[in-house]
Each structure stands twice: as structure tokens, then as C-alpha cells.
Amino acid sequence: MTAFSLEPAQLAWCAELRDLAAERLHPLADKGEPGHVNRALVAELGSLGLLGRLFTSGALDLCLMRESLAYACTEAETALALQGLGAHPVHAYGTEAQRAHWLPRVTAGTAIAAFALSEPGAGSDAAALELRAEADASRGGRSSDTSQGGRFADTPSLTAAPDGPARWRLTGEKCWISNAPEADFYTVFARTTPDAGARGVTAFLVPADRPGLTGRGLDMLSPHPIGALDFDAVPVTAGDVLGEVDRGFRVAMGTLNLFRPSVGAFAVGMAQAALDATLAHTAGRDAFGGKLRDLQAVSHQVAEMALRTEAARLMVHAAASAYDADAPDVPRRSAMAKLLATETAQYVVDTAVQLHGARALQRGHLLEHLYREVRAPRIYEGASEVQRGIIAKELYARQEAR
């Protein structure tokens, strides 16, 4: 198999996923409340075995899942992706105890994961994190405060007390965190060594009911839950570290290199849905004595939409295949795939809205929904400008190495 074609079994699996998304996941998504975790939807993803595949499949399979689900149910796609993003550091860098406690719950859809990297002053510049992990002066173990932090009171606790005395106290804020404040645990990146840039960041697995951890939801354009987290001397132990102390930036970048191409796949799924809706609309819409598709200005726009969507899909598949092959140029390919696909989806959805006219702006219309969904991927997991910076840096590094 090459990066430029899929085998019949893969194509059949994608078709099956689109059917599952339309028939079983979309009805659950419709019952969810915007801005809040849809636990019934996550549980259904678990019962279908899709969450388990996050940790047993390669990057290409992840892209196929995300594109197929996004085509029919963006909410299901996002719920799956956020479980993967929040829990992948545990899968890839966690201890046996951490994996044994959390991953079965994540794959079953009974525990909600979140990836807590961004801060009010450190979004695109992830190395500028200010959340402090300060040495615990007392080394006295867990505080007597047993509040549930930012979680809802009726959410059952899945966590245990810290394993041993606190070694650090986390103080500061995280912002624009998907699934916050309703997640059951967070992969949190904090500064353990001041003034050390990327070299002084450590990744921690922080259960949501740790004392001192609170949160609030943010009212955002995207319908999925996004919030802020406040850390007031939250205790963490050596047993909460993911990977190595002061090597957390490696955990973050390793996770993003895997998920960036699949963000592109999410975008491709939305673009394909918008393209198909436009084909149906322009073929059936009467205009100027014929069908809308008979106008050359329209048909050429549709052709351009299809061209860009297919080009983005191929680049996403190529980047994912490079990741699965452990190729040396994964950061560049991941950045290119994420950049091209998300910018393409923005263009395709916007053009689809234009060709549909005012009907596409009505609440409840597919394109109105996609128009709101498509904007955020150009920002999260590295904005388009950041991706261009990564690409240029990798190109010059390769040129200098010759």
C-alpha cells in the first residue's frame, strides 16, 4: 500500500464508520448540550470499540476514523479525538500503574480525558508556559481539602489520592482546554525549572478531583466544551509524572506530531461533507433557465473545491503514513498536512455557503454547523502561522545538513 491509495478493506471500513456516525452517533449528538461533555456519546464510541482503536492503530487509521466520523457527525469525531489527545500521553509515556488505572476507562468511554497545554500567555509559544510546579515545602501529603474542583457534583469520582506525599504544587492557569472543566483527568504541562524554556517543562497526570483544582467553561464559537483551569497549589507526586522531569515538551510535541495530521483529516471530512452538499444543491437548484451547475462560474468553483479537498486528503494520508513508518521528516509533514487541510476546509465550507445562499446561514443547516466548526482547527494544536514556522525551520535545517 502507498500513501496515495487505500485498500478495499480500508474503504469499506470508512463507509461503515460513516454509516455508524449517521445512524448511531448523530442522534446522541443531537441530544447533547453545546459547551458540555456528552458522556452518552463518548460511552457509545467506547461500546463501538472506536476509543480502543486510538491506542492500537497507527496514524493512518486514526486519520481514516476522524475523516469518516467528521463527514457525518462532527461531535462524535471531536469526542473521539479529545479522548485520544488527552490520553495519548498516558498511553505513550505513562507508567504501568497510570495506564492500568486510566486507559481501560478511557477506552470504555467512562472517563473523560483532556490535554492541558495552552495558557492565557502561552498559546502558540508552548515553550513559554508559566504554570509553576514548585517544590512542596512541607512534603506533607494530601491536603484535607477534598473538593471536586471544576467537575460537576453529580459526576462520580474515578480517582484516588496521590500516591505518596506531594513533591510539587501546581500554581497558575490553563486556558482554552477542550473538555475542561468536566474532564476526569488532565495531562498538564507545567514549568519545573524556571527560565529554561522548553527544557524545563514536565508533564503531569492530574485527576480532576485534586484539591485546589477548579475550572470554568468558556462560551466559544465551537460547540464542544472548552474551558479554563485554575491551579491553587494543586499537589502532584513523582507518581504523577508522565515521562521524565523537565522533558515534558517532548511529551507534548510527540503527541501533537501524531494528532496534527488527524486534525487535517477532521478538516477533510468537513470539506467533503460541504462539497457533497454543494453538488446536490447545484444539481437540483433552478437558476436562470437551467440548473445552478450549468453556470460556468459555479461549476468551476465546485471543481476547485473538489481539487483542494482531494489534495488535502492525499497530504494527510502521506503525513500519517510517514508517522507510521517512523520517517525522519514527520514534524514537517505533520505541519504541512494540518496547514493545508484546515485552510482548505475553511475555503471549501465558505464557498459552499456562498453557493447555497442565505439558506446555509439558517440555524440547523448543515453548512451553518460546519461554518462554526471549521474555524477553530486553523488555531488549535498550532495555528496556521505556527505550522508555516515549523515547515520553514525544518526546510532550512535540512538544507544546512547537506
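The values are calculated or read from the model by the stated rules, or taken from the named source; none is laboratory data. It should be emphasised that the depicted structure is a prediction, and the values quoted were computed from it without experimental measurement. Every residue, glycine as well, gets a Cβ built from its backbone with ideal geometry; the counts of neighbours run over all protein chains shown.
As for region 83-91, it holds at least one residue that is surrounded by fewer than 24 Cβ atoms within 10 Å (Cβ to Cβ), modelled with pLDDT of 95 or more and more than 23 Å from residue 24 (Cβ to Cβ). All of (1) at pLDDT 50 or above; (2) surrounded by fewer than 23 Cβ atoms within 10 Å (Cβ to Cβ) hold for residue 141 with one exception: (1).
Each row is one residue, and each column tells you yes or no for (1) buried (at least 16 other Cβ atoms within 10 Å of the Cβ); (2) in contact (Cβ under 8 Å) with a residue 12 or more places away in the chain; (3) farther than 17 Å from residue 74 by Cβ; (4) β-branched (Val, Ile, Thr).
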position: 346; (1), (2), (3), (4): yes, yes, no, no
position: 361; (1), (2), (3), (4): no, no, yes, no
position: 378; (1), (2), (3), (4): yes, yes, no, no
position: 388; (1), (2), (3), (4): no, yes, yes, no
position: 392; (1), (2), (3), (4): no, no, yes, no
position: 400; (1), (2), (3), (4): no, no, yes, no
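Of note, residue 75 does not satisfy the criterion of being modelled with pLDDT under 95 and outside the structural domain of residue 176 (by TED's automatic domain parsing). Please determine whether any residue of region 232-240 is within 18 Å of the chain's Cα centre (by Cα) and over 30 Å from residue 363 (Cβ atoms). Looking through region 232-240, none of the residues is within 18 Å of the chain's Cα centre (by Cα) and over 30 Å from residue 363 (Cβ atoms). Within region 78-100, the set of residues being within 25 Å of residue 241 (Cα to Cα) and either in the same structural domain as residue 183 (by TED's automatic domain parsing) or among the hydroxyl-bearing types (Ser, Thr, Tyr) (or both) comprises 93, 95.
Taken over region 24-72, the residue count meeting the criterion of being of a type in the set (D, E, K, R) and either assigned by TED's automatic domain parsing to the domain that holds residue 319 or more than 26 Å from residue 276 (Cα to Cα) (or both) is 4.
The residue list 41, 103, 129 contains one member that is modelled with pLDDT of 95 or more and closer than 19 Å to residue 241 by Cβ, which is 103.
Taking the listed residues 263, 241, the one that is at pLDDT 95 or above, closer than 30 Å to residue 311 by Cα and surrounded by 18 or more Cβ atoms within 10 Å (Cβ to Cβ) is 263, with no other qualifying. Of all residues in region 155-180, those that are buried (at least 16 other Cβ atoms within 10 Å of the Cβ) and at pLDDT below 65 have Cβ atoms under 7 Å from Cβ atoms of residues that are in a loop (DSSP other than H, G, I, E, B) and among the hydroxyl-bearing types (Ser, Thr, Tyr), 6 or more apart or on another chain, in 162/237.
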